[in-house]
Every structure is written in C-alpha cells, then in structure tokens.
Amino acid sequence: MDQTLSEFGNVFVFFLLGVVFVAGGYLTARMLRPSRPNPVKTSTYECGEEAVGSAWVKFNIRFYVVALIFIIFDVEVVFLFPWATVFRQLGSFALVEALVFAGILILGLVYAWVKGDLDWVRPTPSVPKMPEMPASKSTSQRD
Amino acid sequence: MFELPSGAEIQSIISILKSGLGFFIPEIYLSILFMGLIILDLALKGRNKSGILGWATLIGLGGSFYFIAQQHAMQAGEHFFGMYVLDEYAIFFKYFFVASGMFAVVATLADRKFDAEVKSIGEYYALVVAMVIGMVMMAAASDLLMIFLAMELVSLSAYILSGYFKRDARSSEAALKYLVYGAVSSGLMLYGFSLIYGMTAETNILKISMELADHGYDPLVMILATLLIMAGFGYKIGAFPFHFWSPDVYEGAPTPITAYLSVASKAAGFALLLRFFYIAVPHGVSPYEDILGIDWLTLLVIMSVASMIYGNVVAIWQKNVKRLLAYSSIAHAGYLLLGVIVMDEIGTQAVLFYLLSYFLMNYAAFYVVVLISNRTGSETLDDYRGLGSKMPLAGAALTVFLISLVGLPPTVGFIGKLMIFSALLSKGALYIWLALIGVLTSVISLYYYMLIPLNMFLRESLEPNEKSLNPGFLAQLMMAVLMILTIWFGLFFEPLSEFARYSSAMFGLSLY
Amino acid sequence: MHSLIQLSIAVLLLPLLSFVILIFFNRRLPRRGDFIGVGILGATFGLSAYIFWTVIVQHYDPAFRVAWDFTWIDFGNVPGVGPLVIKMGIVIDNLTAIMLAMVTLISFLVHLYSTGYMKGDKHYGRFFAYLGIFTFSMLGIVLADNLFAIYIFWELVGLSSYLLIGFFFEKESAADAQKKAFLANRVGDIGMWLGILILYSQFHTFSYHEIFGHLAAGEFGMSHAWLTAAGILLFMGCVGKSAQFPLHVWLPDAMEGPTPVSALIHAATMVAAGVYFVARIFVLLTPEALYVISFVGAFTAFMAATIAITQHDIKRVLAYSTVSQLGYMVLGLGVGAYSAAIFHLVTHAFFKACLFLGSGAIIHAMHHEQDMRWMGGLRKNMPWTFVTFSVATLALAGLPLSSGFMSKDAILAGAIGFAQAEGGGIYYLVPFLGFISALMTAFYMGRQIWLVFFGESRTHLKPAAPDDHHAAHAHDDGHEGEHHAVHEVAWNMRLPLVILAALSIFVVYSPDPLDGGKGWFMHMIQTPATVVGETVHAEPALHMEAGESLAAGEGHEVVPGHGAAQMHAETHTEGHTFADPRQAEIGHLSHAAHNQAIMISSIMVALGIVLALVFYVFRLIDPDKTAKAIRPLYLLSFNKWYWDEIYNATVIKGSLGIARLLSWFDANIVDGVVNGVATLTRKFAFANGSFDRYAVDGMVNFTAFFVNTSGAFMKKLQTGKVQTYVVMVILALFGYFVYYFTQLVY
C-alpha cells in the first residue's frame, strides 16, 4: 500500500489545516473578548454602507474610478507574472516591451492624477436644499 | 503541469514578434500619436488648447499616410502568429479609416457646439485616434481574438465619444444605449467565436476554414455560431435587425461623431464581414453550393432587403435630419450588403467603391448639417425652411450630396449604386429581383432626401428673419471642394474604381 | 400572307400616315406639307396600280380571290349571343382591285388638283390631312372582308366626309350641310347595322364569305321575309351613303364643301361606297329585296334628273346628276345587272370626277362664281377645261363612243330584261324611268355645256350686290373686264382633267364602242350566282307550291319561258351560267335586249340633245316662257320636289313636336319621379363617387400610401428602450435559427 498521499490528499490536508486555523482564531477571540452587543455593533459590516434597505443607493462615483485604476494595475501584474518567470530567457527586448507596457499604463495613471480624478472630494451633505446636483458642481471642478 | 518553454522556443517567438513589428509601423505610429495627444493635453494650457489639439490630431493622422503608403511595397502575409495580416485590402481600409478620423476632426473643429458643451477636448481627439487604431486593426485582424479586441477598442471609444456632451441628456442616453446594446452584441459574438473555437480548436480564420473543410462540422452548431457572430457584425454595420442602436445614437451623439460612426464604424464592420465570410466560412466551387450546405445567401439577403426597405421607409417619417440620415445609413448598409452577397471580386470591388463614395457624400452631408446647426442651433427639418436663401452655398452643396446619396447621376453615389447593381446582375438572373428592390427603395429614398432641399429652397422660413448666415470662408471652401469632388468622381470615377479593384485582393482568399 | 395582301395593307395605311403627319405637323412643314399628301397618295396609287396589274392583267381570271384575316377581338362565349369573335381581314378579288385602282387614282388626282385649287386657304395643310383620312376610310371599305370591318370604315367615311363637307365651317351653310350629311347618313347606317345584326344572329360571323356559304347551304334559320328584311336594311346603308331616295337630300347641300372634295366624295368614292356595298352583298339579296332596290334606284334616277334640269348652280346640276346616276347603278343592281352597275360605277366615277374638277376649274377661274346664268363663253378662255368637260359630258349623257354609253346601256338592257322576265306590267316602269332619265340627262348636260362654254360672257348681267364676293375679287385684282380675269388653270389642275377625260373614252374598257360586254371589264366582273334564290327553286315540289301560293310571299313568281331560260343558260355567249333560273332568265333576256336598249337609249339621248339645242342654242323655244307655261312642274323641279320642305314639315317638325311633348313629359312627370328618388340617388351617387375617388386615388397613390403606412408601422419598432432593442436582436437571431433549423431537419 502506498503510504504517500495522493495529490488530492495534499489538497485535503491543506483544506483541513485552513479550517482549523480560522476556527481556532475565532474561538480564541471569543474566549478573550468582552461581549457588550448593541444594534450597530451586531449589523453586518459593508464598508460603511447600510447593509439592509433599498438596493437603489447612490454610490459615490469615485469608488469606480479608484476601482478601475486598481483593476488596471491588477491586470498589469497578472501580465507581468508570467513575464517575470521567463525574464532571464527573454533578454533585453522583453524588458523594453514590459517597460513600454508599464509606461502606457503609468501614463494613464498620470493622466487620471493630473486631471484630478484621484482627488477625493467629499460630497456636500446638504443635498435636499439645492435643485442642481452637487455632484455636477464637483464634476465641473474636476474638469 | 505548466511547462516553461525552452530558451530556443522563446527566442524564436521573440524573433517572430520582432519581424512582425516591421509590418505594424502605422499602428505603432498611431498608438504613439494617441499617447502623444494625451501628453499634449496634459501639457497644454490656455484658450487655444482645443484648436491646437485638433490640428495636432489632424497633422498626426495625416502623417500616418506616409507609413501606410510604405506598406504597399511589403509582401502580403500573416504576422504575429496569424493574428494579423497585411494585404492590399487592409491597406485600403487603413487609408479609409485614417481619412475618416481626419474628417471627424475637421467636422469637430467646425462644430461650435463643442465650444459650448465641452470643457476638456483632449480625450476626445485621443479617442478619435484610438478608434482609428481599432478600426485599422479590425480590417487587418485575422484571428478571432484579434477581431474581438479590435472591435472592443472601437466600441469602447465610440461609447465615450457618442456621450461626449455630458450635459446633453440625449447624448448621455445615446451613449448608454450604445453601451448596453454593444455589450449584448459583443457578448453574442463572443459566444459565437467560442462555439467556432470549440469546433475547430483554432482561432485563426484561415486555419478555421481549413479545419472545417477537412474535418467537417455539426451544421446546427455552425449555424448557431455564424448567427451569433452575425449579430456582432450586424451591430457594427448597422443592418436590420441589428440596427436598433443606430437611430438613437446617431441622433444623440455629437454630429461629427454621428458622421464618424455612420461612415467609419460601418466600413470597419464591412471590412470584417467581408474578410470573415470570405475566408473563415468555407465555400465550395460556386459560392452558394458551399460544402457546409448552409444557405448563407438567405441570411445576407434577408438582412440586406430588410435593411433597404426598413431604412428607407422609416426615414420618410423622420423630422430630425440627423435621425433621417441615420435611417438612411441603415438603408446604405443594405445596399452594401448586396455587394457582399455577390461574393466575388466584382462584388468586393463594388463594396469598396461604394464605401468610398459613401465616405465622401455622407461626411459631406454631415459637414453641412454641422455648419447649419452652428447657425440655427437645430437639426429638425422645419428649421431648414428658407435656409436656401440664407445659406445658398450650403443649400446647393447639401442638395448635391443628397442627390448623390439617392444615387442619381452625375454624382459619385450613382456610380456606387451602379457598380453594386451591375455586380449583382453579372451574377445572373437570380439577383435581378434584389437589384430591383435596391432600385425601388432608392426611389423611396429620393422622397425623404429631397424633403431637405424642398424645405430649404421652396418653403418660407418660419421666422421672417432674412439675414444671411455666412458659415465662414474656410467652411465655404470646404463645401465647394466636397461638392466638386462629389460630381468630379461621378464623372471621372476611373481612379477610385481602379483603386477599389486593386484593393479587393485579400490574403488567404480561396474563394475563386 | 399573300404578297398582294401585304401590298394592300400598305395601300390602306399609307393615307393614314399622310393624315397623321399632316394633321400634327402641317404648320411646321414647308408648303404646309402638301407634297407629303400628294407624294404618299402617288405611292399609294402606284401600289394599287401594281395590284390592279397583277390581278386584272396577269391573272385575268373572273374568279380570282385572295383573302387574309386575323382575330381582332375574341370575347369568348358571350351569354345570350353565343361565341363572339370579331375578325379583321382583307379580301382581294377583281372588284376590289378595280375599286382600289379607281379610288387611289382619283384620290391622287384630287390631291394634285387641290394643290392648285386650295392654294392660299387658311387651313391648307389640314385639308390634305382630311383627304388622307378620307382615302384611308374609303380604302378600308373596299378592302374589308367582313361586315363588321366595313361598318367601322363606313362610319369613318361618314366622319371624314363630315369634316370635308364642313371644311369651310365658318360659312353657316357649310356647317349646316355638314350636319345634314352626317345625320342623313346616320339614318341609313342604323338600318345597315340592324341588317348586319340579323345576319350575325343567324350565322355568328361577320365574314361575307362565311355568310354566303351558310346561306347557300340553306342554314338561314328564320323565315324568308327576315332575309328580305335583312337585305333591305343593309341596302339602307347604301341609301344613306349613295344618296338614294329618300335620303338623297344631303348630297346637293354637300356641294358646300370645296370642289375637289365634291369630286372625290360625291362623284367617285363615298357615294360609290353604297353601291359597292350592295354589290358585295348582292348574292344574299332576295328577289323581293331586289324589287325594292330597283324601284328605289329608278325613282331616284328619274327624280334627280328632273331636278337637275332647272338648277342654276353649276355644282348643283352635277350633284343632282350624280344622284341620278347613282340611281342608275342601284337600279342596275336591283334588276340583276350586277356587272353593268359596277361598270357604271367606275365609268361614272371617272367622268363625274372630271366634271366636278372641271367645274372647280371654272369656279376657280371665275373667282368663285357658281351660277351658270352669269357664265358663258368660257370655251375660248379655257380650252383645256372645255374639251375635257365636253368629253365627260358626252360620257355622262351616254353618247356612243363614250364609256358612259356602254355602261348605261348595259344597265338599261338589264332593266328591259328584268321587266320582261318579271312579266311586264308595273315592272316596265323601271326601264321606262331609266330611259326618260337618259333623255333628261342629255338635256340638262347640253344645257350646262351651252350655258357655261358657249355664247357670250354674261358676267355683266349679274345683279351687283355690295358684298358680292366675285365683284370684290375683280376689283381687288385690278381688272376692269371679267374676260381678262378668266384664265386657263395651271397644269396641276389641268392634268387631272385630261387623265380623267381620257378614262371616259370607250377604248379603255372595251374594243367595241357599242357593246361593253366584249371588254375586259365585263369579263372580270361577272354577276355572281345568288345564294338565296336557289333554295327556293331547288325542289320542284316546293317550286310548284310557291307558284300556287304566291300571295303567301314564299319565293317568287314562276316566270314563263322558264325552260327556255335554262336552255339558254347552257349556251350563254358569255360562258357564264346561272344555277338560279331567275338570274339565268334575266341574264338571257338582258342579253337579248341589248340592241333594243342601245337603240332606245340613243334615240333618247339624241332627243335630249336636240331639245337642249332647241331651247338654248337655236332659242326656238324660250326656256323662261316654257317655265312659266308649266309653272307648277317647273317649281316642283326647281324646288327639288320640295323634299326639304316635306322633311321639314314632317320629320323635323314631327321630331320637334315629339321632343316638345317629351320635354313636357320630362319636366312635369319624369322630374317628379326623379325628385322623389333624388335623395336616394344622390346618396348612392355620393357613395359611389367617394368610392371612385378613393379607389382611383388609392390606386394612383397606392405605393406612396403603402410605403408611408409601412414606415409608420415599422418605426414603432424603434421604441427608444434599449431593452426592447436587445429583445429584438434575440428574437431575430431566434427567428433565423428556427429557419435554418427547419431547413436542416426537413
């Protein structure tokens, strides 16, 4: 009988260890922390937004800008990883290519930065008073 | 497990990529231009920024002609592992799209609405250039992935451009509709691509063709794939029943962009359609007894006939000139599809020639529409009343362009239709009725096109304001030149038709 | 198609071409295009002459016949009528060939003549156009091979003669004459059409040939009386066209037309059409119908001759003479002298055309003076006209050595034979009237010749009138005396006269001046065998019964010498035998009466000439005094037997009276009824009208409407909602997929 685990056996052991690790963390915290619940504390954490209510909530548009820029560089990393694995074999040409690739993306970042898209401008809180959208005001500043 | 390629393999890959770059110079140039424009936008300050950017774009695009012209000397062939081809057909469209981009810039420079509506014009020109790049790549792409990427580049640029008047509700609505519709169409097309890939395990259209010919296919899957791909192409060319976005988008988008979309984007769609259907879809000896036993003809014929009828008939009811031209562009897609149906050299030549003539007359017509709307602030038919006396040259020029769009001699539009119909008739009696429908619907188009000159010259203005509206010397000159060209090429069309014939050669085409 | 048929189609259509060209373009052509009319008619005549040459000279066969037809309209089986197929066709036999040559020759000569006569007229070009359409119509009558076709051309002739008679329509008298001619012809045509319908109802064909065939086979389903009626009704067409009593009144008035028109229409063609038509249908005429025809002809000949004696107008004399001569022809047909009647038709056409054209030359030279009382002495001024006019006069009077002599005597011989065959009595009235008319013809023609050409000019005797056309003319021309003004006419008017006069001489028709029967003409035109008498005589038993029950009107008299006639028929010198005993007998007796006829006729003519000399040359008797002495008779003649007045009092007044009565009825009774239903009718009409409007407009604008509405419908697809658009795309793809799927599965 083969004493070594199969490939799936390895994965299974890894999975079990993961579960034990997370469960152990929660258990330790439960035992150590004081417990004084209130409604705010017991609600689910949703990045500062109301977790329960209408789905038609206005998000600040800047979330998207940040998210998009994040994704762009995220994807860049995805491309750079395989490049990096064979970097030695590729030689100088590939280095230039990667720099061009990164350069284009950095140009985009610079563009967004200079245009002020990365400035986090707080929306004016007194929404009901003004008929024209405060967001448009801020947009015009940004433009 | 993933295995690392050996050093030699990687070196050979790199050498292939390096050699491919030599055939990719215009695209690289255009990409640099795109980035340069962004940098210029960031660097420039001051009042004349918009004008400088526009002229820079114009000059930059003009410069690309040099690099494109270099490519005539190069051997036709595949590059980048079959991703991309270089042939006369692609070069034709490179010229075409760069010129379209330049014309869009010219129209933008002429359009006063941009001064009022837009604070930041930098991205605009950059996006025009980006769209040119995308369309150039569409015309040259020979791989499903490349096709999809190029189309998306074009589409994304077009979404932004059509919504460029942010405060104009119609413009925003147009952009949103365009986005949703485009996303659906792209998704359908991608699904079709995936089915083809599933059948053949290839993405290169030439290899797909060979694979299908060699190993057969499941007709049902093939049909489904083709239909789904057709949805994507149909969306680009704006043919019935995939046209629905176009009237709303054309009406809402800034007029130069409307013109740009209606000419360049449509042409890109046709470039792709012709290449895909001629190469990827295998054909037998005679185009319609193809080995797949699938009746492509019916698909294209229905699209073509429906587009001609729908576009022309609905255009009759339009009150807005831009919307009217939008419907007319649907009809023109139908006429162009007639040329595709022919599926031979003459048909390709006719399509290319028609695209050239359509380029000239449609851009020119939109240009005049821009000039008029600069003065009147309106694009509705009623506001064209009495303009003939206030803007005589514009009125005359628009009349000439519209006559050309109808397809009456002695204009270039007439020759275009003539070539399409004669290409059809040369294929035999089967196509007579198609040509007949084409001619009859042209007659319908006469009615609504001529409504514009009717309003301009024969009806009194609603406001008794009789001051003449001079669009300026440069604009006048431009109109005159376009008008002369429209008629000139209607009389001496030999160079254009020769160019179209010369450019109808496609790499890897085994149709004949 | 026979080459002759092709040629005859060309002959038929060329004058129409002339009409089309001239009516539309005469103002743009030099000389108003008269050369086109003359040239085309010349060509037409050339072709006709070729046909004539081929048929008459080359074939020289009495039975020559080529025919061709095509289906013009096929109505299929019409309920209540049966199969109704209308064919058009052409038949060429000797009669047609001769008529073609005659009509085209005279038409050509009249064209030529008109270039001189009508010169300077306001509507010069239009005149030639009208001549063209007239010639076309006349040729149609001549060539037609069926009753329907001949009726069409018959009416066309009526129309074109209407146009020509009223050519000077500014003159009220011309306009009146035009209407009169048209209406009188209509009366005859109605009868003719009824006759055609009777025949059609029996045989369901219009073709002569087929009708005769059916009749000969005894397939006429109705009684004999109906056939007689059909014959008489058909003859009514001839009565109208050929101006027989009682419809003769239009012809003299028609002299209001230009004189070349008189020559063409009233001498040679239109009036001959009636005779020609009767000749065409000759074989289906029953003996009873022939009696009617012969008496009508004889009476017309006599009556018109008496009127001609007292007329002053040169053209009116000729007009009545024409009526009289037409009476001869009809008489000839009636008595069965078929070939003689045709012969007279042709000879008369030439000499009467010559006379009319000659009178036209005189009128032209006299500056539109038409009254013979103010002429005289023209012999010296117009020698050509004088000679040709005289030759034609001699022919008309029937002097030996002329063509008229031969043809008229043949008719009269036939009349004698007829009277003898029918057993005398009242039937002798026919030859009697004929001979009396011959006498009077000689008299009035002698009178005319004398008054016009001999003696001294009497122009100065004419009472001057302030608005007198002729006087005004003389002064305009700056002439003091009339004699200086009277010149011989130009060559283009002289040439026709000479040709026509030459055709009035005997040698053209027969080598023997006394017997036309020896000539080619009588050989080519032979009396056809009747197709109706035969059945009656076919069975002796029936014959006997018929003889016994004469009063019943079955068949006709049993004539004495029946057997002799049959015997004779076998040895007839002309080599022509008749199966029908009546025809055979008349033929035989006529032949026997030939010399008799020559003798009586010559005496009559001589007597007439002598009388004329007595009255006008030697002035032994003063004509005016004579007139006074027999005033009632003179007035009767001078006032044309009061026919116009009689018609006025009876037909016209009667019609007006009936019209008034009907008008009253209409106004008081019909209108009441009409008003009663007016609302309903109006509503119906309104509904109908709006339906019409919508239907018509709908048809006209259908495309636009359809396009428009389909556009309105289709634009609904563009909802403006992007979700709809996406659904549409999915639906479209699904539709396509289903289509291909079904294609694959099935």
The exposure ranking of B:S503, C:S359, C:S114, fewest beta-carbon neighbours within 10 Å first, is B:S503, C:S359, C:S114
Given contacts defined as C-alpha pairs under 8 Å and at least six residues apart, what's the relative contact order of region B:354-512, whole-number percent? 36
Dividing the alpha-carbon Rg of chain C by 2.2 N^0.38 Å yields what? 1.17
Once phi is turned into θ = phi - 60°, what whole-Hz ³J(HN,Hα) does the Karplus curve with 6.51, -1.76 and 1.60 give for every residue of region C:391-398, x standing for Gly and Pro? 4, 5, 4, 4, 5, 5, 5, x
Cα-based equivalent ellipsoid of region A:58-122: semi-axis lengths in Å, sorted from largest, via gyration tensor: 31, 13, 5
Which value at 222 nm does the protein assembly as shown reach when only helices count, each DSSP H run of 4 or more adding -39,500 (n - 2.57), with the total divided by all residues and rounded to the nearest 500 deg cm²/dmol? -22500 deg cm²/dmol
Just report the Cα centroid separation between region C:125-154 and region C:158-184, whole Å. 17
If eta is 0.890 mPa s and T is 25 °C, what Stokes-Einstein diffusion coefficient results for region B:297-512, Kirkwood Rh from Cα pairs, in µm²/s? 138
Specify which residue in the list B:M199, B:S445, B:P219 is farthest towards the positive end of the charge dipole of the protein assembly as shown, using unit charges on the beta carbon of Lys, Arg (+1) and Asp, Glu (-1), about the Cα centre. B:S445
Among C:G257, C:I190, B:L496, whose Cα sits farthest toward the positive end of the charge dipole of the protein assembly as shown (+1 at Cβ of Lys/Arg, -1 at Cβ of Asp/Glu, about the Cα centre)? B:L496
What is the set of long-range amide H partners of B:Y84 at a cut-off below 5 Å, with H atoms built 1.01 Å from backbone N? B:H79, B:S142
Find which of A:F79, A:A102, A:Y64 sits farthest along the positive direction of the dipole of region A:58-122, computed with +1 on the beta-carbon of Lys and Arg, -1 on that of Asp and Glu, about the Cα centre. A:Y64
Which order results if B:E173, B:E251, C:E219 are arranged by neighbouring Cβ count within 10 Å, fewest first? C:E219, B:E173, B:E251
Placing one equal point scatterer on each C-alpha of region C:258-374 and summing with Debye, one gets log10 I(q)/I(0) at q = 0.19 Å⁻¹ equal to -0.93
Which lysines, if any, have their Cα less than 19 Å from the Cα of C:K87, not counting same-chain residues under 8 positions apart? none
Given pairs B:K113/B:K319; A:K58/B:K113; B:K45/B:K113; B:K322/C:K715 and cut-off 19 Å on Cα-Cα distance, the over-length ones are B:K113/B:K319; A:K58/B:K113; B:K45/B:K113
So between B:L436 and B:D168, what do we pick up on full extension, going 0.36 nm a residue minus the alpha carbon distance? 92.3 nm
In square nanometres and to one decimal, what's the mean projected area of the convex hull around the Cα atoms of region C:661-745? 12.1
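List, in the order given, every pair from C:K241/C:K352; C:K241/C:K408; C:K122/C:K380; C:K171/C:K315; C:K352/C:K628 whose Cα-Cα distance in the structure shown is over 24 Å. Intermediate results must be reported in sequence, preceding the final value.
Values: C:K241/C:K352 17 Å; C:K241/C:K408 21 Å; C:K122/C:K380 32 Å; C:K171/C:K315 17 Å; C:K352/C:K628 31 Å.
Those over the limit are C:K122/C:K380; C:K352/C:K628.
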What's the magnitude of the charge dipole for the protein assembly as shown around its Cα centre, counting Lys and Arg as +1 and Asp and Glu as -1 at the beta-carbon? Answer in Debye, nearest 20. 4440
Pairwise centroid distance, computed over Cα atoms, of region C:368-444 with region C:643-721, Å: 58
Between the alpha carbon centres of region C:621-638 and region C:63-80 the gap in Å comes to 57
What does the charge dipole of chain C about its Cα centre add up to, to the nearest 20 debye, if the Cβ of each Lys and Arg holds +1 and the Cβ of each Asp and Glu holds -1? 2400
Treating the beta-carbon of each Lys and Arg as +1 and of each Asp and Glu as -1, no other charges, what is the dipole magnitude of region A:58-122 about its Cα centre, to the nearest 20 debye? 220
What does the highest-first list of C:4-11, B:392-399, C:662-669 look like by mean Cβ count within 10 Å? B:392-399, C:4-11, C:662-669
For C:K721, give me every one of the lysines with a C-alpha distance below 18 angstrom, ignoring sequence neighbours fewer than eight places off in its own chain. B:K177
Could you give me the percent of Cα pairs per 5 Å distance bin for region B:55-96, shortest bin first, beginning at zero and ending with the bin that holds the maximum distance? 6, 21, 25, 22, 14, 9, 3, 0
Which value, in nm² and rounded to one decimal, describes the direction-averaged projected area of the C-alpha convex hull of the protein assembly as shown? 92.0
Straight-line reach check, B:K18, cutoff 26 Å on alpha carbons, 8 or more apart in-chain or any other chain, hits among lysines -> B:K94, B:K207
Could you state the orientation-averaged shadow area of the convex hull built on the Cα atoms of chain B, in nm² to one decimal? 24.7
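Throughout, read-outs are computed from the coordinates displayed, never taken from laboratory work. It should be emphasised that the depicted structure is a prediction, and the values quoted were computed from it without experimental measurement. Note: ideal-geometry Cβ built from the backbone for every residue, glycine included; neighbour counts use all protein chains shown.
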